[in-house]
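Beneath this line is the structure, given in structure tokens, with notes to follow.
FYI, it's all coordinate maths here, none of it is from the lab. Please read these numbers as outputs of a predicted model, since none were measured by experiment. All Cβ positions, glycine included, derive from the backbone under ideal geometry; neighbour counts span all protein chains shown.
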Amino acid sequence: MIDWPCNRPDVSMTRDEIIAAIRKNADAIKGKGVSKLAILGARAGEDYRADSDIDILVEVEPDTTFSLLNLIDVEHIIEDATGLQTQATVRRSMAPRFEPHSADDIVEIF
């Protein structure tokens, strides 16, 4: 088995460390077509476990071509930067019923 950082249960970062790592890679992420990025869920708050993944919410300009491959690239950039498994969702694809429940747990990064 390849020892990717995201496969190791001992890798943990605070919310501030995650935000700093993502901001450090903002140009690469924006290069994939992302205009805004936020974290949400457990890692956006203080109730995460060491094995919690990072839930990412991305926004893309309406006229930008953005594919599943771009989304996977964004996940990989963040996983490489943090060592934590990442799950990304495009905001316009988020079911409207989840938006109000998630609003309090969203931390905008850029």
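Only counting other Cβ atoms within 10 Å, I'd like Val74, Val60 sorted with the fewest neighbours first.
By the 10 Å Cβ count, ascending, the order reads Val60, Val74.
Scanning residues 5 or more positions from Thr86 or on other chains, those with amide H under 5 Å from its amide H are Ile54, with H placed 1.01 Å from N in the peptide plane. Most tightly packed first, judged by the mean number of other beta-carbon atoms within 10 Å of their residues, the peptides 76-85, 63-72 read 76-85, 63-72.
Full extension of the chain segment joining Thr64 with Asp105 gains 12.1 nm, where the gain is 0.36 nm per residue of separation less the Cα-Cα distance. In percent, rounded to a whole number, the relative contact order of the stretch 15-108 is 36, using alpha-carbon pairs under 8 Å and six or more apart. Listing Arg92, Arg23 from fewest to most neighbouring C-beta atoms within 10 Å gives Arg92, Arg23. Convex hull over the Cα atoms of the stretch 15-108, averaged projected area in nm²? Result: a mean projected hull area of 5.8 nm².
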